[in-house]
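Notes to accompany the following structure.
The values are calculated or read from the model by the stated rules, or taken from the named source; none is laboratory data. Bear in mind that the values here come from a model prediction, so they are computed numbers and not experimental data. Here the Cβ positions follow ideal geometry from the backbone for every residue, glycine too, while neighbour counts run over all protein chains shown. Please note that ligands, DNA and RNA were not included when accessible areas were found on the heavy atoms of the full protein model with its side chains. Shrake-Rupley method; radii C 1.70, N 1.55, O 1.52, S 1.80 Å.
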Amino acid sequence: MKTFFCLLFLPIMFFGQLSPTVNKLYNLLSQSERYESKNISIDGHESEVYKINEKIKKIASDSEVEFIAFNGTPSTKLYAMSILFDRKSKSLEKLFRYYIKSKDSVQVMMGCVVQTNTIAHLLYQRVIAEKQIIHEADWERKWKDSMIANHQQNTSKYINLKDIMNTTSEWKTDEIDSLNWRLDKIILSNPESPKVMVEVLAGYHLLEGVKVPYFEKLAFFEKKYKSEYINKYLKFCRYGIKESID
């Protein structure tokens, strides 16, 4: 009887750290087993699941979002992680360590493409993708400033494009680079880090033409996985030979 009582109230106790409103939204969000982008399917309609997460994003505190990121279902963990990323949370490294260890995976629908990946991999991809977003936002800002400086803000070219060019990022280049390097070190300090994670790390820095100071830690994984990507990056770092990645 005592065991039954404990099991009956476990969900209430488990999510007692969420406010009633956030908990209600969480329960709705958790009904979906996959993560969905804002616009999905061939017709590009707005995802109802995405709308629920946007409501959570507006009202949930950092501690509530972090709680979901650690204790939710795989799909809600990814939604919560995305919120924390946008908020530049100090917990991202801790979450990354947790996701690598837990190996949680989730189905993701972006547009009409559906794939399954680990949350750790998706977090790392989000970090390296953010740098491109920062570059795009910076280019758009400079273009608008240039058009205004040359008194072309009333031209059809500027008027037609100014609202389309709305890329934004809460991050700065040095901040995202710093986070990227810290996540790299977490990957390389774990001898069980999956091959795909190490290859993405090596491939990204090779494409960027960046020789990270900790590159020799990749030697262990090159030997372990016999990876062409890792081998090419080590050649670049050691000898300055930059080969293309097929």
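For segment 223-245, check the following and say yes or no: at least one residue is of a type in the set (Phe, Trp, Tyr), open to solvent by 70 Å² or more (accessible area, probe 1.4 Å), over 21 Å from Ile119 (Cα atoms) and over 17 Å from the mean Cα position of the chain (by Cα).
yes
Filter segment 194-223 for residues that are free of Cβ contacts under 8 Å to residues at least 24 places away in the same chain, part of a helix (DSSP H, G or I) and closer than 24 Å to Leu123 by Cβ and give the result. Spell out the reasoning first.
Keep residues of segment 194-223 that are free of Cβ contacts under 8 Å to residues at least 24 places away in the same chain, which gives 208, 210, 213, 215-216, 219, 222-223.
Subset that is part of a helix (DSSP H, G or I): 208, 215-216, 219, 222-223.
Within segment 194-223, Glu208, Phe215, Glu222 meet the criteria.
Has segment 137-146 got any residue that is open to solvent by 70 Å² or more (accessible area, probe 1.4 Å), free of Cβ contacts under 8 Å to residues at least 12 places away in the same chain and outside any helix (DSSP H, G or I)? I'd like the intermediate steps shown before the answer.
Keep residues of segment 137-146 that are open to solvent by 70 Å² or more (accessible area, probe 1.4 Å), which gives 139, 141-142, 145.
If we keep only those that are free of Cβ contacts under 8 Å to residues at least 12 places away in the same chain as well, we get 139, 141-142, 145.
Then keep just the ones that are outside any helix (DSSP H, G or I); that gives none.
For segment 137-146, residues open to solvent by 70 Å² or more (accessible area, probe 1.4 Å), free of Cβ contacts under 8 Å to residues at least 12 places away in the same chain and outside any helix (DSSP H, G or I): absent.
Conditions: (1) open to solvent by less than 80 Å² (accessible area, probe 1.4 Å); (2) in contact (Cβ under 8 Å) with a residue 12 or more places away in the chain; (3) assigned to a loop (DSSP other than H, G, I, E, B); (4) of a type outside the set (Phe, Trp, Tyr). Val106 meets all but one. Number of the miss?
Condition not satisfied by Val106: (3).
Can you tell me which residues in segment 159-214 are under 18 Å from Tyr225 (Cβ atoms), among the acidic types (Asp, Glu) and more than 15 Å from the chain's Cα centre (by Cα)?
Listed by number, the residues that qualify are Glu192, Glu199.
Kindly indicate whether Tyr79 is open to solvent by less than 10 Å² (accessible area, probe 1.4 Å), among the aromatic types (Phe, Trp, Tyr) and either part of a helix (DSSP H, G or I) or in contact (Cβ under 8 Å) with a residue 60 or more places away in the chain (or both).
yes
Within segment 167-186, is even one residue surrounded by 14 or more Cβ atoms within 10 Å (Cβ to Cβ), part of a loop (DSSP other than H, G, I, E, B) and not small (Gly, Ala, Ser)?
Yes, segment 167-186 has at least one match.
Return the residue satisfying two criteria in turn: it lies in segment 117-158 and is closer than 30 Å to Met197 by Cβ and basic (Lys, Arg), and of such residues it is farthest from the chain's Cα centre (by Cα).
Kept after step one, since they are closer than 30 Å to Met197 by Cβ, are these residues of segment 117-158: 117-139.
The next check asks that each one be basic (Lys, Arg); those that pass are 126, 131.
Details: Arg126: 3, Lys131: 12 Å.
Looking at the filtered set, the residue picked out is Lys131.
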